[in-house]
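Participant: First the structure, then my questions, so here it is.
The values are calculated or read from the model by the stated rules, or taken from the named source; none is laboratory data. Please read these numbers as outputs of a predicted model, since none were measured by experiment. Reconstructed Cβ throughout: ideal geometry from the backbone, glycine too, with neighbour counts over all protein chains shown. We work out accessible area using only protein heavy atoms, side chains counted, and drop any ligands, DNA or RNA first. Shrake-Rupley method; radii C 1.70, N 1.55, O 1.52, S 1.80 Å.
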Amino acid sequence: MDSTIVTDRIVPVDGAGADSRRAPASREGHFAWIDIRDLDGSQRDAVVQAALNQRVDGIVADSAEVLSDLPPTVRRILFLDEPAGEDFPYDKVDLVVVSDRAHVHSEHIGHTPDRGVHVVVSDAPTLQEACEVVREVPWTVLTFTDPTKIPLEIVIAAAENSGGRTVTTVTDVEDAEIVKLVLEHGSDGLLLAPRNADDVVTIARIVDHQLEKMELSELVVSKVEHIGMGDRACIDTCSLLEKDEGCLLGSFSTGMFLSCSETHPLPYMPTRPFRWNAGAVHSYVLGPENRTRYISELQAGFPILAVRSDGSVREVRIGRVKIEKRPLLSITATAPNGKSVNVITQDDWHVRLLGPGGSVNNVTELKPGDKLLGYVPTEARHVGLPITEFCNER
């Protein structure tokens, strides 16, 4: 069957299911399907409601009646062992997945907008079948009987540039984290049979929060000066931080410095590997979705980005923000684009910023010419969001 790509979905062009008015388009990147075939009663209702609230891409069932009441915001996916006949209510679903590839083009499946094949990969022949199917049909659902991820890597490679989408069955949310990252791209979709509604919330976060590496830049220190007393904040997180892991903060939207967590030994106090001695309360701090907040706005439970010296990123949650009056130190540096950037920190030897290679730099020992790591965005900021407009910060 020939096909053409419409937006991000493959729609058959032979007339078999051109009506996709109820089917939502898949999101950019990864997506999740929730399998409710083994659930019933209140447990199924709770899982379905969680899936709708979290806006997962699809819900899987083996009954068209179960799927028929779902709203158009979710993809209704029907799993069948074989076509059920012309009088089956295929119009109540958006995608039919069969277990035998010979049935995928069956005329009995009626006018469904999409079709797919479920392949159980248990040996070399079934792996070869999966590689063939993923190049032939819009959707390939994969179940692997062995814990190794090598067969999935092979199928993902086979699917490259084919236009087909892979959806891999995962055993739990921990497995989902791994499958999402196989060959860096991972499976397009994750299919989970949740134990409860909490699993739905977790897998939705896994597919939605796709944090890329950041491109960090070298900032060259141009001026360091003592500026007297002010309010500075410590940011305590709910995570243990690595030795080269910091938060990005600065006075200007034109550039932010990579602070250093309190993971390195100090002569008069224990290390606190959950903390950044961040900076003055006016400072920008970078959070998820490329949004900044002022330190003074941060509260317990807020997300913030933890960034390592190699640019790798993860999201951590704030446990506490502690604001106290301390002597302050102003550090000005020049970004690679020639712009001047600034950060104001506590004026104390134990406060540190990270430099190239993860080097640890005590702020009171900084001098012109020293190199630090930072992030230099291309946009200005308005209410924390990037915006292309004239903005002169000084």
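Participant: How much FRET efficiency would the formula 1/(1 + (r/R0)^6) give for Met229 and Thr73, where r is the Cβ-Cβ distance and R0 is 41 Å, rounded to 0.05?
Facilitator: 0.15
Participant: Tell me the accessible surface of Met214 in square angstrom (1.4 angstrom probe, heavy atoms of protein chains only), to the nearest ten.
Facilitator: Accessible area, nearest 10 Å²: 30 Å².
Participant: Please sort by residue number the trypsin sites (Lys or Arg not before Pro) in segment 207-303 whose DSSP state is loop and whose Cβ has at most 16 other Cβ atoms within 10 Å.
Facilitator: Taking segment 207-303 and a limit of 16 other Cβ atoms within 10 Å, the loop trypsin sites (Lys or Arg not before Pro) found are Lys213, Lys243.
Participant: Could I ask something else about it? A 22 angstrom limit on the alpha carbon distance is what I want to check against. Which of Lys339/Lys371; Lys213/Lys243; Lys325/Lys367; Lys149/Lys180; Lys223/Lys243 exceed it?
Facilitator: Pairs exceeding 22 Å: Lys325/Lys367; Lys223/Lys243.
Participant: Same structure again: Around Arg75, which amide H atoms from residues at least 5 apart in sequence, or from another chain, sit under 5 Å from its own amide H, with H modelled in the peptide plane?
Facilitator: Under 5 Å from the amide H of Arg75 lie the amide H atoms of Gly58, Ile59, each far enough along the sequence or on another chain.
Participant: Pick out, from Asn361, Pro327, Val313, the residue whose Cα sits farthest towards the positive end of the charge dipole of segment 313-381, with +1 on the Cβ of Lys and Arg and -1 on the Cβ of Asp and Glu.
Facilitator: Val313
Participant: Rolling a 1.4 angstrom probe over the protein chains, ignoring ligands and nucleic acids, what is the accessible area of Val224 in square angstrom, nearest 10?
Facilitator: 50
Participant: Taking amide H positions as placed 1.01 Å from N in the peptide plane, with prolines and chain starts having none, which residues 5 or more places from Arg165, or on another chain, fall under 5 Å of its amide H?
Facilitator: Counting only residues 5 or more places away or on other chains, the set is Trp139, Thr140.
Participant: Taking 0.36 nm per residue of sequence separation and subtracting the Cα-Cα distance, how much length would be gained by fully extending the chain between Glu177 and Asp45, in nm to one decimal?
Facilitator: Length difference between fully extended and current span is 45.0 nm.
Participant: Here is a follow-up. From the square roots a ≥ b ≥ c of the eigenvalues of the alpha-carbon gyration tensor of segment 278-355, which class results: rounded (a/c under 1.5), prolate (a/b over b/c), or oblate?
Facilitator: Oblate, since a/c reaches 1.5 and b/c is not below a/b.
Participant: So how much accessible area does Asp81 have, in Å² to the nearest 10, using a 1.4 Å probe?
Facilitator: 120
Participant: What are the ³J(HN,Hα) couplings of segment 242-259, residue after residue, when phi is run through the Karplus curve with 6.51, -1.76, 1.60 and θ = phi - 60°? Round to Hz, x for glycine and proline.
Facilitator: 7, 5, 10, 10, x, 10, 8, 8, x, 7, 10, 6, 6, x, 10, 9, 8, 6
Participant: Ok, one more. What shape does segment 218-292 have by the C-alpha gyration tensor, where a ≥ b ≥ c are the square roots of the eigenvalues, rounded means a/c under 1.5, and otherwise prolate means a/b greater than b/c and oblate the rest?
Facilitator: oblate
Participant: With a 1.4 Å probe and every protein chain left in place, work out the accessible area per residue of segment 246-363 in Å², rounded to a whole number.
Facilitator: Dividing the accessible area of segment 246-363 by its residue count gives 38 Å².
Participant: Asp208 to Glu136: extension gain in nm, 0.36 nm per residue of separation minus the Cα-Cα distance?
Facilitator: 23.1 nm
Participant: Can you pull out the GluC sites (Glu not before Pro) in segment 315-383 whose DSSP state is coil and whose Cβ has at most 16 other Cβ atoms within 10 Å?
Facilitator: Glu379
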